[in-house]
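Visitor: Here it is, the structure in full.
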Amino acid sequence: MSNETAHAKGTETSSIVLSLDGRTLLTRGGDDTVKTWDIRAFKKPLYALGGVTTMYPGMNAIWSPDEKFVVVGAGTPPSGNGSPAGGKLMFLRREGLTVADEVQMNSCVVKVIWHSKINQIFTSHADGSIHILYSPHTSTHGAKLLNRQRDKRAHTIEDA
């Protein structure tokens, strides 16, 4: 099974992820599109979203743990008025690939990982930084352990 026209010719397909149902495929291409496919009818996508700026060939797309959302990072090129390049993390509804939410970032989001057990999202960025997004209410362990340890530390004169 193959589809030679899944993404624009001459661009890389940087992410291919199969859903847990075994029938829905998620792809991200260098043509600035994210698409979902039914592998039983692989000729045309179920849904496609363009304008998801792919600034690096390794940028990925993932399913949320419950697979109700697709999560992708996107870059924003520097504007002509001198503002630096930035980025955003996009949460797209599985049905229709419409934008449910966006989180603005200081740099282009290259990789995204959502750890389902601790409910935290890890992102790596073009500027070399790594960010951890978590909920203080529903996340467990991970970044929350760091915050808990910091709060327990005795304050010293250096903290002033």
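Visitor: Step by step: first the residues of the stretch 127-160, then only those that are open to solvent by less than 50 Å² (accessible area, probe 1.4 Å), closer than 23 Å to residue 63 by Cβ and assigned to a loop (DSSP other than H, G, I, E, B), then the one that is modelled with the lowest pLDDT. Which residue is that?
Guide: Looking at residues that are open to solvent by less than 50 Å² (accessible area, probe 1.4 Å), closer than 23 Å to residue 63 by Cβ and assigned to a loop (DSSP other than H, G, I, E, B), I get 142.
Visitor: Right, something else. Name the residues in the stretch 36-64 that are open to solvent by 30 Å² or more (accessible area, probe 1.4 Å) and under 19 Å from residue 99 (Cβ atoms), would you?
Guide: 45, 46, 47, 48, 49, 50, 51, 53, 55
Visitor: Next up: Among the residues of the stretch 1-55, which ones are among the hydrophobic types (A, V, I, L, M, F, W, C) and more than 15 Å from the chain's Cα centre (by Cα)?
Guide: Within the stretch 1-55, 1, 6, 8, 18, 20, 25, 37, 39, 41, 42, 46, 48 meet the criteria.
Visitor: A further question follows. Name every residue in the stretch 14-35 that is of a type in the set (Lys, Arg) and open to solvent by less than 10 Å² (accessible area, probe 1.4 Å), in order of residue number.
Guide: Hit for the stretch 14-35 is 28, nothing else.
Visitor: Examine the stretch 32-52 for a residue that is in contact (Cβ under 8 Å) with a residue 12 or more places away in the chain and among the acidic types (Asp, Glu), and state whether such a residue exists.
Guide: The answer is yes, given that some residue of the stretch 32-52 is in contact (Cβ under 8 Å) with a residue 12 or more places away in the chain and among the acidic types (Asp, Glu).
The values are calculated or read from the model by the stated rules, or taken from the named source; none is laboratory data. Bear in mind that the values here come from a model prediction, so they are computed numbers and not experimental data. Methodologically, a virtual Cβ is constructed for each residue, glycine included, from the backbone with ideal geometry; neighbour enumeration extends over all protein chains shown. Quick note on the areas: whole protein, heavy atoms, side chains included, nothing else; ligands and nucleic acids left out. Shrake-Rupley method; radii C 1.70, N 1.55, O 1.52, S 1.80 Å.
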